[in-house]
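Okay, so here's the structure we're looking at.
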Amino acid sequence: MRRSETLLFTSREANGHENETVALTVRAGLVRQFGSGLYGFTPTGQRVRENLIRLVRHEMDAVGGHRIGLPSLNDAGIWKRSGRWERFADEMFTFENRDGKRLCLAPSHEEGVTHLVDGVVRSATDLPVLLYQVESKYRDDHARNGLVRTKEFTMKDAYSLHATRGSLDEYYDRVRRAYARICERLGLKFAVTAAENSVMGGSASEEFVALADTGTLSLRWCGGTDCRFGVTDESPRSGLSAGDTCPECGGRLRAGEGIEIGHVFKLGTRYTAPRGMTVDVPDGSEREVVMGSYGIGIERLLHALVEQHGDEDGCHWPGAGLGEVAPFSVSIVPLEYDGEFRDVADRLHEACGRDDTLLFDDADQTIGERFAESDLLGVPWKVILGNHYRETGAVELESRDGTTQYASVEAVASIVG
Ligand SMILES: [Zn+2]
């Protein structure tokens, strides 16, 4: 990607934002605000969002998920049938179309997924099944904290359907482990907290909460190695405080703030019973279908990453060297884009993969400005063609962590690849 041909929205100024994480998200040019709780994604921000979606899809596919696509625009009917047209009234965008029909923009899709499979899932042998999508959701929430609380957001929402509670328990654990892997691959510090089920209904649920100073959930979390125990004020054990003993590992609890990034629910028959959804079992009887639902907020992951990994120079994405989430994996930074530097920069651009590499080819930037912009974007590697190259013929490679090494032009792609 030539810098001269792409559109970067980086800026030095970011005044008047709610906190440093929101300011950095704007300064790095990932998003632009369209209104209260409404954001548009720039080419750079969209690359990060799509990288996150790819990672989440990978983990959902690995636990046997099947992708679906449900409409965001729903008839009132399916929501009235589940009883949530009234229950969700304060948060749901509802309206009437020109034919006088009541519609809503779906805030979640439990109703949608039961509608999709009703009448098709008939036998216990059709189950279990895990269905998921990554789509926009709409909630008329009071906007807060940049991408954390918005009116439109991207959610990976998954739903599992089962003939037995035991099967639901097994899938619930499976998706829960997938969520933990997603957080671990992203290098996020997080806790898993038991939660109550108010709007969703059902028997049990847990929240995945990322540690974040900008968070609004008051969190007590365990500092023990590999222990993810946590409580919020909504948890059944909300009385636990910092310094108390972790009930799971005996470690010490700490206190801080967090943001909810994911939620897993055992819904039981909350959404299947109103539709009379049953399956035939081999002994000739019928059994009620039980269900689980699992959501993870893509933009909330992005906010948590910016907050936990970012530093004074800019964003810092996990997996340095892998470029797993970063908008670009490599920056090619020539002292000047001219003469021999230009030839070598072009060769490196080609060798490192043009789509994933940012080539600083604009004439009007100093090398210092190029370094600063690359770091602000959080590109994991800078490949520098400067005085060291001119004197020795070796290219300088600097990681976003600040470690430096030298390599021949030919060796660069294999080191940063
Ligand atoms: Zn613990």
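The values are calculated or read from the model by the stated rules, or taken from the named source; none is laboratory data. Keep in mind it's a predicted model, so treat the numbers as computed, not measured. Neighbour counts run over all protein chains shown; Cβ positions are idealised from the backbone, glycine included. With ligands, DNA and RNA removed, areas are computed over all heavy atoms of the protein, side chains included. Shrake-Rupley method; radii C 1.70, N 1.55, O 1.52, S 1.80 Å.
Looking at the structure I just gave you, is residue 229 of a type in the set (Phe, Trp, Tyr), within 17 Å of residue 210 (Cα to Cα) and surrounded by 14 or more Cβ atoms within 10 Å (Cβ to Cβ)?
Against the criterion (of a type in the set (Phe, Trp, Tyr), within 17 Å of residue 210 (Cα to Cα) and surrounded by 14 or more Cβ atoms within 10 Å (Cβ to Cβ)), residue 229 qualifies.
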(message) Filter the stretch 300-312 down to the residues that are open to solvent by 10 Å² or more (accessible area, probe 1.4 Å) and touching a Gly at 6+ places or on another chain (Cβ under 9 Å) and list them by number.
(response) 300, 307, 308, 309, 310
(message) Criterion first (part of a strand (DSSP E or B), under 24 Å from residue 114 (Cα atoms) and over 26 Å from the mean Cα position of the chain (by Cα)) does residue 264 satisfy it?
(response) no
(message) What's the number of the only condition in (1) open to solvent by 10 Å² or more (accessible area, probe 1.4 Å); (2) without any contact (Cβ under 8 Å) to a residue 24 or more places away in the chain that residue 397 fails to meet?
(response) (1)
(request) Filter the stretch 243-282 for residues that are open to solvent by 60 Å² or more (accessible area, probe 1.4 Å) and within 16 Å of the ligand (Cβ to nearest atom) and give the result. (result) 245, 247, 248, 249, 252, 254, 255
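The rows are residues; the columns are (1) part of a helix (DSSP H, G or I); (2) within 23 Å of residue 273 (Cα to Cα).
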{"position": "33", "(1), (2)": "no, no"}
{"position": "45", "(1), (2)": "yes, no"}
{"position": "58", "(1), (2)": "yes, no"}
{"position": "81", "(1), (2)": "yes, yes"}
{"position": "89", "(1), (2)": "no, yes"}
{"position": "95", "(1), (2)": "no, no"}
{"position": "115", "(1), (2)": "yes, yes"}
{"position": "121", "(1), (2)": "no, yes"}
{"position": "132", "(1), (2)": "no, yes"}
(request) Filter the stretch 127-147 for residues that are closer than 18 Å to residue 91 by Cβ and either open to solvent by 20 Å² or more (accessible area, probe 1.4 Å) or basic (Lys, Arg) (or both) and give the result. (result) 135, 136, 137, 138, 139, 140, 141, 142, 143, 144
(message) Report every pair of residues separated by at least 6 positions or lying on different chains whose Cβ atoms are under 6 Å apart, first residue within the stretch 262-273 and farther than 14 Å from residue 157 by Cα, second β-branched (Val, Ile, Thr) and in a strand (DSSP E or B).
(response) 268/290; 269/290
(message) Suppose we filter 391, 373 for residues that are under 14 Å from residue 3 (Cα atoms) and not assigned by TED's automatic domain parsing to the domain that holds residue 26; which single one remains?
(response) 373
(message) Would you confirm, using the coordinates I've provided, whether residue 223 is at pLDDT below 95, surrounded by fewer than 19 Cβ atoms within 10 Å (Cβ to Cβ), over 30 Å from residue 287 (Cα atoms) and touching a strand residue (DSSP E or B) at 6+ places or on another chain (Cβ under 6 Å)?
(response) yes
(request) Run residue 74 past the list (1) in contact (Cβ under 8 Å) with a residue 60 or more places away in the chain; (2) open to solvent by less than 40 Å² (accessible area, probe 1.4 Å) and report the number of the one that doesn't hold. (result) (1)
(request) Given the conditions (1) under 30 Å from residue 315 (Cβ atoms); (2) more than 14 Å from the ligand (Cβ to nearest atom); (3) surrounded by 15 or more Cβ atoms within 10 Å (Cβ to Cβ), report the number of the one that residue 204 does not fulfil. (result) (1)
(request) Could you grab the pairs with beta carbons closer than 8 Å, sequence gap of 6+ or different chains, first residue in the stretch 246-257 and without any contact (Cβ under 8 Å) to a residue 24 or more places away in the chain, second one open to solvent by less than 60 Å² (accessible area, probe 1.4 Å) and within 10 Å of the ligand (Cβ to nearest atom)? (result) 247/229
(message) If residue 238 meets every condition in (1) outside any loop (DSSP other than H, G, I, E, B); (2) modelled with pLDDT under 90 apart from one, which number is that one?
(response) (1)
(message) I'd like to know if the stretch 171-186 contains one or more residues that are touching a helix residue (DSSP H, G or I) at 6+ places or on another chain (Cβ under 7 Å) and open to solvent by 30 Å² or more (accessible area, probe 1.4 Å).
(response) yes
